[in-house]
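Visitor: Mind looking over this structure? Questions follow.
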Amino acid sequence: MPNKKIVLSNNPLLLTILHNSFFQREGFDMVLVQDGQTGFQAIEAEEPTLAVFDLMHLGEQALDCCRAVKGDPLLATTPVLLLLPEDAGEDLADDCWAAGCDAVVHRPLAAERFLDAACGLLGISTRLARRFPVSFELSFLDSKQKKHVGLCANLNLGGMFLATETLFPVDTELAVEFVLPGFKMALQNAARVAWVNHPEWLKKNSMPCGVGLEFISVSQSFVSALQEFLDSLKGDD
């Protein structure tokens with residue numbers, strides 16, 4: 001995902017869902033638009049990973065924007081998700097598909113259903129998107145091979161949130177080492193700083209000071225161990 005931006009209608013409920021999801025944790029920027037014209041201009045300028053337009057707020061302009069995007073050879077690959085009004089019938093849904101959209105979500109706007117659709121368009125599995133709350137210590141090395149200690153606060157196959165007072169800029173590469181609770185073998189892997197929760201500008205108020213990490217260059221043994229651990233947590237739900 002080279003460009004972590006989402007162009008979307010200025011909808012407070014939609015923003016709340018996104019801000020409490022995988023997309024906020026992984027540092028996606030939300031580019032808000034007020035109408036179809038600014039929506040098209042934002043897609044053209046920002047080259048977003050995803051565009052989300054709400055027909056309840058934009059009406060026919062959402063369809064016009066979708067047609068314009070899908071009719072532009074340079075923009076046509078941008079995934080477009082359209083949200084239908086509460087009383088929308090199948091005819092309106094058919095109009096959305098005819099406009100070239102990649103997904104349609106019906107109201108009422110349920111967070112899980114919307115996020116499943118958005119993740120599906122981006123090729124992100126629900127397992128990858130969901131973060132499981134955990135608490136275990138780990139060590140990590142910075143680029144100068146200096147060792148630090150932190151606390152893993154949540155985890156999934158794609159990364160973790162590392163609670164630490166030692167902060168690093170986005171895109172810094174770290175080497176993490178940890179033992180999963182209930183496991184004996186230590187796991188090691190490279191990780192990239194995807195976002196920072198700085199005490200003076202918290203991106204996520206519910207999380208402590210620290211960094212969101214994205215695992216990179218993962219081995220099959222690393223993934224298998226994480227999968228086994230996460231499956232055990234899922235069984236406790």
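Where a number appears in this text, it was derived from the coordinates with a stated rule and is not lab data. Being a predicted model, the structure only gives us computed values, none of them experimental. FYI the Cβ positions are ideal-geometry reconstructions off the backbone, even for glycines, and counts take in every protein chain you see.
Visitor: Once the other residues with Cβ under 10 Å from the Cβ of residue 88 are scored (Lys, Arg +1; Asp, Glu -1), what is the net sum?
Guide: -4
Visitor: With an 8 Å Cα cut-off and a minimum separation of 6 or more residues, compute the relative contact order for the chain in percent.
Guide: Taking the mean separation of contacting Cα pairs over the length of the chain, I get 13 percent.
Visitor: Roughly how many whole Å is it from the C-alpha centroid of the range 64-120 to that of the range 1-50?
Guide: Answer, in whole Å: 14.
Visitor: Counting only C-alpha contacts under 8 Å and six or more residues apart, can you give the relative contact order of the range 5-128 as a whole percent?
Guide: Once divided by the residue count of the range 5-128, the mean separation gives 22 percent.
Visitor: Let a ≥ b ≥ c be the square roots of the eigenvalues of the Cα gyration tensor of the range 5-128; is it rounded (a/c under 1.5), or, if not, prolate (a/b larger than b/c) or oblate?
Guide: Because its axes are fairly even, with a/c under 1.5, the range 5-128 counts as rounded.
Visitor: Residues of the range 146-172 with amide nitrogen under 15 Å from the 7 Å Cα-to-Cβ point of residue 190?
Guide: Of the residues in the range 146-172, 171-172 have backbone N under 15 Å from the label point off residue 190.
Visitor: If you take the square roots of the eigenvalues of the alpha-carbon gyration tensor of the range 148-237 and sort them as a ≥ b ≥ c, do you get rounded (a/c under 1.5), prolate (a/b over b/c) or oblate?
Guide: The shape class here is prolate.
Visitor: How many nm separate the modelled label positions at residue 225 and residue 183, each set 7 Å beyond the Cα in the direction of the Cβ?
Guide: With each label point 7 Å from Cα toward Cβ, the separation is 0.5 nm.
Visitor: Let me ask something additional. How long is the gain from residue 93 to residue 76 if the chain were fully straight, where each residue apart is worth 0.36 nm and the alpha carbon distance is subtracted?
Guide: Stretched out fully, the residue 93 to residue 76 stretch lengthens by 4.1 nm.
Visitor: Based solely on its DSSP helices, what 222 nm [θ] is calculated for the chain when runs of n ≥ 4 H residues each add -39,500 (n - 2.57) and the sum is averaged over all residues, nearest 500 deg cm²/dmol?
Guide: It lands at -9000 deg cm²/dmol.
Visitor: Can I ask one more? Suppose every K and R has +1 on its Cβ and every D and E has -1 on its Cβ; what is the size of the dipole of the range 131-234 about the Cα centre, in Debye to the nearest 20?
Guide: 60 debye
Visitor: To continue, here is another question. Run through every distinct alpha carbon pair of the chain and return the Kirkwood hydrodynamic radius in angstroms, one decimal place.
Guide: Every distinct Cα pair counted, the radius reaches 19.3 Å.
Visitor: Follow-up. So which of 4/147; 5/144; 4/203; 5/70 end up more than 22 Å apart by C-alpha?
Guide: 4/147; 5/144
Visitor: Under the rule of at least 5 residues apart or a separate chain, name every residue whose amide H is placed under 5 Å from the amide H of residue 187.
Guide: 178, 179, 180
Visitor: Which of 84, 152, 74 sits closest to the plus end of the dipole of the chain, meaning its Cα is farthest towards the positive end, when Lys and Arg get +1 and Asp and Glu get -1 on the C-beta?
Guide: Value computed over the given set: 152.
Visitor: Magnitude of the Cβ-charge dipole of the chain, K/R +1 and D/E -1, about the Cα centre, nearest 20 debye?
Guide: 1120 debye
Visitor: As an exercise, identify the GluC sites (Glu not before Pro) in the range 35-141 lying in DSSP coil whose Cβ has no more than 15 other Cβ atoms within 10 Å.
Guide: Filter output for the range 35-141: 86.
Visitor: Hey, another quick one. Step through the residues of the range 28-42 one at a time and calculate ³J(HN,Hα) from phi using the Karplus curve (6.51 cos²θ - 1.76 cosθ + 1.60, θ = phi - 60°), rounding each to whole Hz and writing x for Gly and Pro.
Guide: Going residue by residue, I get 5, 9, 9, 9, 8, 10, 9, 7, x, 5, 5, x, 4, 4, 5 Hz, with x marking Gly and Pro.
Visitor: Near the amide H of residue 196, under 5 Å away, which other amide H atoms are found, from residues 5 or more places off or on another chain, if H is placed in the peptide plane?
Guide: The list, which skips near neighbours in sequence, is 212.
Visitor: Provide the per-residue ³J(HN,Hα) series for the range 87-104, in order, calculated from phi with Karplus coefficients 6.51, -1.76, 1.60 and θ = phi - 60°, each as a whole number of Hz, with x at glycine and proline positions.
Guide: Taking θ as phi minus 60°, the curve returns 9, 5, x, 5, 5, 5, 4, 5, 4, 5, 5, 5, 6, x, 5, 9, 7, 10 Hz for the range 87-104.
Visitor: What does the charge dipole of the range 59-141 about its Cα centre add up to, to the nearest 20 debye, if the Cβ of each Lys and Arg holds +1 and the Cβ of each Asp and Glu holds -1?
Guide: With Lys and Arg at +1 and Asp and Glu at -1, about 540 debye.
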